[in-house]
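Everything below concerns the one structure shown next.
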Amino acid sequence: MSSEDSSIAAQAKALGLHRVGGRPPFFRYLAQTWARREFIWNMAKFRLVSTFTENRLGMAWLVLQPVFNAIVYGLIFGVLQGDARPPDYPARVVIGVFFFQFFRGCFNRGARSIINQRNLVQSLAFPRVTLPVAIVLEELLSALPSWGMLVVILPVMGHWPSVEWLLIVPVIILSTLFNAGVALIAARITVHLQDMTEIIPLVTRILFFTSGVLFDVGRIFDRWPWIVTIYDFHPIYQMVQLARSALMGIEVDPLYWLYFSGFALVFFIVGLRFFWSAEERYGR
Amino acid sequence: MAAELHIDPDRNPVVIVDDLHVKYRVHSSGRLARVGRKLVKRNTVKTRTVHALKGVSFVAYENESIGVIGSNGSGKSTLMRAITGLLSPASGAVYARSRPNMLGVRAALLPTMSGERNIVLGGLALGLTRPEVEARTEEIIDFTDLKDFIDLPMNTYSSGMSARLKFAIATLKQHDILIVDEALNVGDRRFRKKSEERIRAIKDAAGTVFLVSHSMQTILDTCTRVIWIEKGKLMMDGDPQEVVNAYTGSVS
């Protein structure tokens, strides 16, 4: 941007040429991304299908893996907590683990979405945001069978389907927005700092054990009410609690809907802007 | 320095490279040094700056296929990466009419997916619709002679096969700017002829193609203009035969 080439810059602009390494305005970028929706959809679909075909049990793993996770962590934490175990513990754990799994997948794999596709990014010109978004879509599609399993699992635990179950739809929509925001932010940071691929799995593991997926916050932190207050503003805890309130009717502060909607929108919009503002740097 | 850049008002410029400087910061590993009588390796990590391009300027117009020649390490690939936007200039600037697509010698686009899925996803990424891609898939398979391999993952392809497929995918869409960085060198003779034809077709349809190659024959057969770069500087820019003659004269 030195002054000496300002005349060339002006001429280039008049001729309809843009400075390479710039990025389109935000809303045009979103429009370009929307025009690539078929790319996003097929990317997610192809990758999902290829994971089925690689394993002998194929699509069954989409259900088996979260079920096994829920059993293993549920048992271990169930025993460890003893009397502090909340009522209706198995149902809580199953719902918690299934929804956390969606978050973890988006965060871990979204972070790698650019650096793992460097060849594609360096070769073809397309809005890069399609790559993390495709990961989120793939994670959403692969979570659907496990959520479907809840229709079978929960009645066994005494929770019969009711009209309230429909509330799970907004929970899923908000979770998707929130997770997408997290994935976009993680994808960009990982481009700047590759070490994130080692750090993020650690972070998701810590979040798994601290976000109230496996325990009742009110009981465990009984003596420290300020910690319980912190959890009122913990988006992952809100996500899990809202899912539980929809499917098992536990009491949840109605404000959680407001808070989590706020978190979801803010993360999604901030994530998009944050990712877009480094568009020209991906692939370097 | 920028003054020497002249834009022809009668032609449509597609790329303007204006006094482009590119510098790399590289970490050089510790050097061997003598301490007393012992030869030890110093473990200090130093960063070194490599001045890869030193003030390159030119204008590329519609209907041009520009050959880029020069010895190894002269800055050809750096220039191509700067035009694509993969490297940012230390000073100067590159202006382009659209975001270029670049074919390099690197591996597959989506290594674990089949050739066919690479075609579909590559085409969609370039902005084609699914029916458009499907309508042209047969043609690509014919063009690349990969009929028997198209359902295999791309990481099982030989470098020649991979280059053929990537070239075919990148030329699916009518381009403004296509950069081919030594990607055709690994192809066999038959494919080289076909790809040269396709490059000419892109050029004729108001596109601009940059072709980096060490094969002077390919350059002379396909290019309407040649740029010679040496040690990060533009040595010569003009008629293919003249520039190629000057270059081969300088190295022999």
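Of note:
- Over 21 Å between alpha carbons, listed pairs A:45/B:173; B:203/B:231; B:194/B:231; B:147/B:193: A:45/B:173; B:203/B:231; B:194/B:231
- Charge context of residue B:143, other residues only, Cβ under 9 angstrom, K/R +1, D/E -1: 0
- Sum of side-chain charges, residue B:193 neighbourhood, beta-carbon under 13 Å (Lys, Arg +1; Asp, Glu -1): +2
- Shielding of B:111-120 by partner chains, average beta-carbon count, 10 Å: 3
- Taken over segment A:24-281, the ratio of Cα radius of gyration to 2.2 N^0.38 Å equals 1.04.
- The alpha carbon centroids of segment A:42-88 and segment B:90-168 are separated by 35 Å.
- DSSP-defined beta bridges in the protein assembly as shown - what % are antiparallel, rounded to 5: 65
- Normalised by 2.2 N^0.38 Å, where N counts its residues, the alpha-carbon radius of gyration of segment A:1-142 equals 1.60.
- Karplus-derived HN-Hα couplings along segment A:192-209 (A = 6.51, B = -1.76, C = 1.60, θ = phi - 60°), whole Hz, x at Gly and Pro: 6, 9, 4, 4, 4, 5, 8, 6, 4, x, 5, 4, 5, 5, 4, 4, 4, 7
- Using the Cα coordinates of chain B, the gyration tensor eigenvalues translate into equivalent-ellipsoid semi-axes of 33, 26, 18 Å, sorted from longest to shortest.
- Amide H to amide H distances under 5 Å link residue A:18 with B:96, B:97, where only residues 5 or more positions off or on other chains count and H is placed in the peptide plane.
- When B:191, A:52, A:233 are sorted by how many other C-beta atoms sit within 10 angstrom of their C-beta, beginning with the fewest, the order is A:233, A:52, B:191.
- Judged by the mean number of other Cβ atoms found within 10 Å, the most tightly packed of the peptides B:80-87, B:212-219, B:133-140 leads the ranking B:80-87, B:212-219, B:133-140.
- GNM result for chain B, Cα springs below 10 Å: residue of B:168, B:205, B:52 fluctuating most strongly: B:205
- Per-residue Karplus couplings for segment A:159-172, computed as 6.51 cos²θ - 1.76 cosθ + 1.60 with θ equal to phi - 60°, are listed in order as 10, 8, x, 9, 4, 4, 4, 4, 5, 5, 4, x, 4, 5 Hz, Gly and Pro entered as x.
- Shielding by partners, peptide B:82-91 (average Cβ within 10 angstrom, other chains): 5
A short reminder: the numbers here are calculations on the coordinates, not readings from a lab. The structure displayed is predicted, hence computed values, not measured ones. Glycine gets a Cβ as well: all are built from the backbone with ideal geometry, and neighbour counts include every protein chain shown.
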